[in-house]
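Below is one structure; the comments refer to it alone.
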Amino acid sequence: AQSVTQLDSQVPVFEEAPVELRCNYSSSVSVYLFWYVQYPNQGLQLLLKYLSGSTLVKGINGFEAEFNKSQTSFHLRKPSVHISDTAEYFCAVSGGSEKLVFGKGTKLTVNP
Amino acid sequence: DAGVIQSPRHEVTEMGQEVTLRCKPISGHDYLFWYRQTMMRGLELLIYFNNNVPIDDSGMPEDRFSAKMPNASFSTLKIQPSEPRDSAVYFCASSFYTWGELFFGEGSRLTVL
């Protein structure tokens, strides 16, 4: 079975600063990895995904994530954040034909 | 496509009342998922369907909760009787595969007084 750990429940940053949201997973099989974003009072939407191929994945709104198999990590990064990036971010993993397992989320707050 | 459509967006009810939440998945998606989100427990998978058949309902908290999918374009989540601890945002999501990208609705915020 898969599991996901998001190491930080809250991350405050200043506008235009870089940010990294950490995600570690455990799985006994090959994995598919996802980051979702949830803006206030909305559903989750896909930010980016890793299925295979290049370990550096680029997503919407300037976000990217790197799959590191040896570290079992899939950290999300953005070089310069905006106020509008304030949201909750969820890492998710699935293995083989298994359903997605979500982490508990990281609340990113971007301050002016 | 209009995306996953949920109704109602907000529901306020009194303890003991029956609550029915509705979901219309994206056309062509074979999988439908019901999630519950609370501050304390985060995002929890309640149940999911494949081709209208319930596959895994191990996340349904107790017998007061039931879900149906009578056809490919409609699903309901029912709580009877409702309790204050059922207050949460309930999300419906659909996808082509269990392991693939999920498309979420905007959620139904339930408050049980």
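Nothing in this text is a laboratory measurement; each read-out follows from the coordinates by a stated rule. Keep in mind the model is a prediction, meaning the values are calculated, not measured. Cβ placement follows ideal geometry from the backbone for every residue including glycine, while neighbour counts extend to all protein chains displayed.
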### Task
State to the nearest 20 debye the size of the charge dipole of segment A:58-98 about its Cα centre, where the only charges are +1 on K and R beta carbons and -1 on D and E beta carbons.
160 debye
### Query
Which value, in debye to the nearest 20, gives the size of the charge dipole of chain B about its Cα centre, when Lys and Arg are +1 and Asp and Glu are -1 at the Cβ?
180 debye
### Message
Which one, B:I55, B:T98, B:I26, is farthest towards the positive end of the dipole of chain B when Lys and Arg carry +1 and Asp and Glu -1 on their Cβ?
### Response
B:I26
### Query
Hey, got the average number of other protein chain Cβ atoms within 10 angstrom for residues in B:101-109?
5
### Message
Taking loop as defined by DSSP and a crowding limit of 14 other beta carbons within 10 Å, which trypsin sites (Lys or Arg not before Pro) in segment B:14-76 fit?
### Response
B:R41
### Task
Please report, in debye to the nearest 20, how large the charge dipole of chain A is about its Cα centre when each Lys and Arg carries +1 at its beta carbon and each Asp and Glu carries -1 there.
300 debye
### Query
When you look at the Cβ of every residue in B:91-100, what mean number of other chain Cβ atoms sits within 10 Å?
4
### Message
Semi-axes of the equivalent ellipsoid for segment A:1-66, please: Cα gyration tensor eigenvalues, times 5, square-rooted, ordered largest first, whole Å.
### Response
22, 15, 13
### Distance violations [Cα-Cα > 21 Å] among A:K99/B:K78; B:K24/B:K68; A:K69/A:K107; A:K49/A:K78; A:K58/A:K78; A:K49/A:K107
A:K99/B:K78; A:K69/A:K107
### Inter-chain Cβ neighbour average for residues B:35-45, partner chain, 10 Å
3
### Query
What Kirkwood hydrodynamic radius do you get for chain A when you take the inverse of the mean 1/r over all pairs of distinct Cα atoms, in Å?
14.0 Å
### B:E44 paired with A:S3, simple spin-label distance in nm, labels 7 Å along Cα-to-beta-carbon
1.8 nm
### Query
On alpha-carbon atoms, Rg over Rh for segment B:10-113 using Kirkwood Rh?
0.95
### Query
For the protein assembly as shown, max minus min Cα coordinate along each principal axis, in Å, sorted largest first?
49, 40, 32
#### Entry: Burial order of peptide ranges A:71-82, A:29-40 (average beta-carbon count within 10 Å, highest first)
A:29-40, A:71-82
